[in-house]
Amino acid sequence: VAAQNCRKRKLNAILNLEEDVCYLQTQKESLRKEHSQCSKSISQIKQKLNNLYRDIFSRLRDDQGRPVNPCQYDIHCSSNGSVSVIPKHLVKSEQKQEQK
């Protein structure tokens, strides 16, 4: 009887583990799909951001009416919602100061 109970417990443990494996495989597949959707969303958002960045810089002009060079300037968004165009060398020095 003890051996029979031991085999039964072992069989139950194996069945429980098989159920766990099945559940985890389903969860893994679900997470893969979610990851794929998130990656696509991120890619789309990056593309929209790049398009917006190009559009903004195509419309910007300096004091003499010349187009602003996007290689020399950066768009800076502050926490209060204001947006400004700042020379890149100033942005880098601000970041260094914030890190200190």
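The condition (being at pLDDT below 85, surrounded by 10 or more Cβ atoms within 10 Å (Cβ to Cβ), among the aliphatic types (A, V, I, L, M) and out of contact with any strand residue (DSSP E or B) (no Cβ under 8 Å at 6 or more places or on another chain)) is satisfied by just one residue among 90, 17: 90.
Exactly one residue out of 4, 72, 25 is open to solvent by 70 Å² or more (accessible area, probe 1.4 Å) and in contact with a helix residue (DSSP H, G or I) (Cβ under 8 Å, 6 or more places away or on another chain): that is 72. Any residue in the range 34-49 that is surrounded by 10 or more Cβ atoms within 10 Å (Cβ to Cβ) and either modelled with pLDDT under 95 or part of a loop (DSSP other than H, G, I, E, B) (or both)? Scanning the range 34-49, I find at least one residue that is surrounded by 10 or more Cβ atoms within 10 Å (Cβ to Cβ) and either modelled with pLDDT under 95 or part of a loop (DSSP other than H, G, I, E, B) (or both), so the answer is yes.
The values are calculated or read from the model by the stated rules, or taken from the named source; none is laboratory data. Computed from a predicted model, the values in this text were never measured in an experiment. Neighbour counts run over all protein chains shown; Cβ positions are idealised from the backbone, glycine included. Please note that ligands, DNA and RNA were not included when accessible areas were found on the heavy atoms of the full protein model with its side chains. Shrake-Rupley method; radii C 1.70, N 1.55, O 1.52, S 1.80 Å.
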